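Worksheet: the structure to be examined is printed underneath.
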Amino acid sequence: MSVHNFLPGTEKDLQRSLDDLSRRMQEDEAKAKASGLGLPYVDLHNFPIDLNVLGLFTKEEAESSGAVPFFKDLTDLRIGATDPENPLLLEKIDEFSKKHKISLYLISKPSLAQVMKFYSKVLRPKPGHDETVRVETQEEYGKILKLLGSEEEQAKKSASELLGIIFGASIFFSSSDIHLEPEDHFVKLRYRIDGVLQDMLHFSKSLQRSIVTRIKIISKLKLNVENVPQDGRITFYYLGKPIDVRVSILPSAYGEEIVMRLLGTGAVSLKLSDLGLSQDDQEIINRQLAKPNGMIVTTGPTGSGKTTTLYAFINELNEPGVKIITLEDPVEYKLEGIVQTPIDHGVDFDFAKGLRAILRQDPDIVMVGEIRDQETAETAMQAALTGHLVLSTLHTNDAAGAIPRLLNMGVKPFVIGPALSAVIAQRLVRKICQNCKTKAALSPAVMEKITFLLKQLPKNKKEKLPKALQFYHSTGCEQCHHLGYKGRVGIYEVLEITQKVQDLIMKDSVMSAYKQAGVGQGMITMVQDGLLKALDGITDVEEVFRVAGE
C-alpha cells in the first residue's frame with residue numbers, strides 16, 4: 001500500500017493540531033486579558049452547560065453581546081463575556097442584577113462559539129405557561145390550615161393550590177423549614193418555628209403523589225426516581241417578593257420525605273446591639289472588631305445562629321473604605337456592598353481553595369463560613385496574622401472547646417495564640433410571648449440548681465441580682481399562635497484570648513484550663529447568660545436548660 005494513501009488522514013490530523021494550537025493561543029490571550037482587566041477567566045469548552053441558565057439570554061442576545069450565562073445558583077449568576085464593555089451586555093447585567101449577584105468572567109471567542117452550539121437544545125416556555133408558585137394575598141393561614149384538616153376540603157384543592165398554602169403559611173408562621181413526612185395513613189406537615197418542629201396538618205395519603213410530583217416539577221428534579229435522595233431549588237413569590245427554597249428529598253418506608261429550607265427570610269439588618277449580648281460581652285466584641293487583624297470564631301451546633309452573628313459583625317464593619325469578602329456554603333442572605341462567594345463542590349471549589357483565592361483579592365475583612373480542616377484553619381490563621389480581620393465558625397460545644405479543636409486539626413500552638421482574638425459560643429433560646437407572660441413558680445430542686453449556677457457569676461454580676469429570684473413563662477395566646485413563644489434570642493459565652501490564655505495554649509493545656517481561665521477573667525457561661533435573660537422575662541428557665549443543658 002502506498003504511503004500517499006495516508007495523506008488525507010495526516011492532513012486532517014495536522015489541521016486538528018493547528019486548530020487546537022490556535023484555540024490554546026486564544027485561551028492564553030483571553031487569560032492574559034482577564035488578568036489585565038482584573039476579571040476571573042474561564043474556559044467553557046468542557047464546562048457542563050445548564051440549558052435553563054443558557055436560556056436566560058436568547059441566541060440573538062448572546063450573539064450581539066458576545067456573552068453567555070453559564071452558571072446560576074440561589075444568588076449568583078455567572079456570565080462569560082468576550083467584551084466586558086459591550087453595551088447590550090451591560091444592559092443585560094443591569095436587568096439581572098435586580099435579582100442576582102452578577103459575576104462576570106472573561107472568555108475567548110472559541111469558548112463562546114462552543115457554547116453557542118447548545119442553543120439548538122434550549123427549550124423556550126410556551127406563552128402563558130408559568131410553573132412558579134405565587135402567593136399574591138396575605139391570608140389568615142391559621143384558620144386556613146384548620147379548615148384544611150378535613151379530607152373533603154383537601155380534595156377541593158389542586159396540588160398547586162395546596163403548595164401555595166404550604167408556602168404562604170410557612171411565611172405567616174415565620175418558619176425556617178417545611179417538613180412533609182409520609183406516614184402509613186397520612187402525610188404530616190410540620191414547620192420548624194423558632195428552632196422547634198410543630199405539627200401543622202395531616203394531608204390525606206391520596207394527595208401524597210400529586211404534592212410530591214408538583215414539588216419535583218418546580219424544583220426540576222427527576223419524576224421517575226424515587227429510591228435515591230435528590231436535591232433541588234425553588235423560588236416562590238410571596239406578595240411579589242422572591243423567596244429561595246432549598247429542597248431535599250429522601251426515600252422513606254412510606255414514600256419520599258421532603259424538607260424545604262427557606263433561605264433569606266431571616267433578619268439580616270441585625271445590629272450588634274440586637275443580638276442579645278450582655279454589656280460586658282459586647283464591649284469585648286467591639287474591642288476585637290476595632291482591631292485591623294486577628295480572628296474571631298463563633299461556635300455551636302448547626303442552627304445556633306453562628307452565621308447570623310457573623311452577619312451582624314459584618315454589618316457593623318461594612319463601611320465605604322473597607323473591602324469585605326465572604327466565603328459561604330451556601331450564600332443564605334444577600335448583603336449590599338460585600339463580595340459574597342459561594343462554595344461549589346461540583347467544581348472542587350472548597351473552603352481551603354476559596355480562602356486562598358479571596359486572599360489574593362486584597363480584602364480587609366474575610367468571613368469564612370466554616371473551618372472544617374487543617375488547611376482552612378491554617379490559612380485563616382495566617383491571614384489573621386498578616387493584617388486581615390478573619391471571622392469564622394467552628395462546631396464545638398462551648399467557647400473553651402474551640403482551642404483543643406484547632407489543636408486537634410493540627411494547627412500549631414504558636415500560630416493559634418497570637419492569631420485568635422476571641423471565641424464566642426452560642427445557642428438560640430425561644431423568647432416567651434410578652435402578651436401572655438405570667439410569673440412562674442419553680443420547684444425547690446430547680447431553684448436550688450439555679451441558685452448554685454448564679455452564685456458562680458463574676459462578682460460585679462452577682463451584685464446586680466435581685467434578692468428574690470422571679471422567673472416567668474407564657475401560656476399561649478393569639479399573638480404567639482398559642483405556642484407561648486415568639487422569636488428567638490442568643491445566649492452567649494465570650495472567651496477573650498488574653499495573654500494568660502495564650503500561655504495556656506503554648507502549654508497545650510486541657511480544655512477545663514481554658515474554661516477556668518475564662519471564668520477567672522469574668523466570662524459568663526451560656527447557661528448563666530440564659531438564666532439572666534430568664535430573670536429579665538425574655539425567656540423561661542425550661543427553655544434555657546433545654547438548649548444549654550448543664
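Full extension of the chain between residue 32 and residue 360 yields a length gain of 116.4 nm, computed as 0.36 nm times the residue separation minus the alpha carbon distance.
Hey, any idea what % of the chain's accessible area is carbon plus sulfur with a 1.4 Å probe? Numbers along the way, then the final one.
Working: 14250 of 27660 Å².
Percent of accessible area from carbon and sulfur atoms in the chain: 52.
Between residue 302 and residue 506, the simple label model (points 7 Å from Cα in the Cβ direction) yields a spacing of 4.0 nm.
What accessible area per residue, rounded to a whole number of Å², is obtained for the chain using a probe radius of 1.4 Å? Present the calculation step by step, with values, prior to reporting the outcome.
Values: 27660 Å² over 550 residues.
On a per-residue basis, the chain sits at 50 Å².
Normalised Debye scattering of segment 398-550 at q = 0.19 Å⁻¹ gives log10 I(q)/I(0) of -1.08, counting only Cα atoms as equal scatterers and leaving out solvent.
Note on segment 478-526: Rg/Rh from Cα positions, Kirkwood definition for Rh, rounded to two decimals, is 1.34. Sequentially through segment 488-494, phi angles give Karplus couplings (6.51, -1.76, 1.60; θ = phi - 60°) of 9, 9, x, 10, 9, 9, 10 Hz, Gly and Pro residues having no value and appearing as x.
Sorted from greatest to least, the principal axis extents spanned by the alpha carbons of segment 212-287 come out as 57, 33, 18 Å.
Converting the Cα gyration tensor eigenvalues of segment 128-182 into ellipsoid dimensions via √(5λ) gives semi-axes, longest first, of 17, 16, 12 Å.
One quarter of the convex hull surface, Cα atoms only: what value does that give for segment 146-235 in nm²?
Working: hull surface 24.8 nm².
Mean projected area for segment 146-235: 6.2 nm², to one decimal.
Which pairs in the list 101/157; 291/533; 459/486; 72/334 are over 26 Å apart, alpha-carbon to alpha-carbon?
Correct reply: 101/157; 291/533; 459/486.
Using a probe of 1.4 Å on the protein chains alone, the accessible area found for residue 438 is around 60 Å².
Using a simple spin-label model with pseudo-atoms 7 Å out from Cα toward Cβ, residue 259 and residue 316 lie 3.1 nm apart. Take residue 248: with every protein chain present and a 1.4 Å probe, its accessible area is about 50 Å².
Expressed as a fraction of 2.2 N^0.38 Å, the C-alpha radius of gyration for the chain is 1.15. How high is the relative contact order of the chain, given as a whole-number percent (alpha carbon pairs under 8 Å, six or more residues apart)? For the chain, the relative contact order is 9 percent. Sparsely packed loop sites in segment 424-525 (the trypsin sites (Lys or Arg not before Pro) outside DSSP H, G, I, E and B with at most 11 other Cβ atoms within 10 Å) comprise 464, 467, 507. Putting +1 on Lys and Arg Cβ atoms and -1 on Asp and Glu Cβ atoms, find which of 512, 537, 524 reaches farthest to the positive end of the dipole of segment 510-550. It is 512. Computed over segment 358-406, the alpha-carbon pair-distance distribution with 5 angstrom bins reads 5, 20, 31, 25, 13, 6, 2, each value a whole percent. Among the protein heavy atoms, those of residue 19 account for about 80 Å² of accessible surface (1.4 Å probe, every chain in place). Only the Cβ atoms of Lys and Arg (+1) and of Asp and Glu (-1) were treated as charged; on that basis the dipole of segment 396-498 about its Cα centre amounts to roughly 240 debye.
Charged side chains reduced to their Cβ positions (Lys and Arg at +1, Asp and Glu at -1) give the chain a dipole of some 920 debye around its Cα centre.
Return the percentage of antiparallel bridges among DSSP beta bridges fully within the chain, rounded to the nearest 5 %. Don't jump to the answer; show the numbers that get you there.
On the way: 57 of 89 bridges.
Percentage antiparallel, nearest 5: 65.
The values are calculated or read from the model by the stated rules, or taken from the named source; none is laboratory data. Quick caveat: nothing in here was measured; it's all calculated off a predicted structure. Because the Cβ atoms are built from the backbone with ideal geometry, glycine has one as well, and the counts that use them run over all protein chains shown. Note: accessible area is taken over every heavy atom of the protein model, side chains too, but ligands, DNA and RNA are not part of it. Shrake-Rupley method; radii C 1.70, N 1.55, O 1.52, S 1.80 Å.
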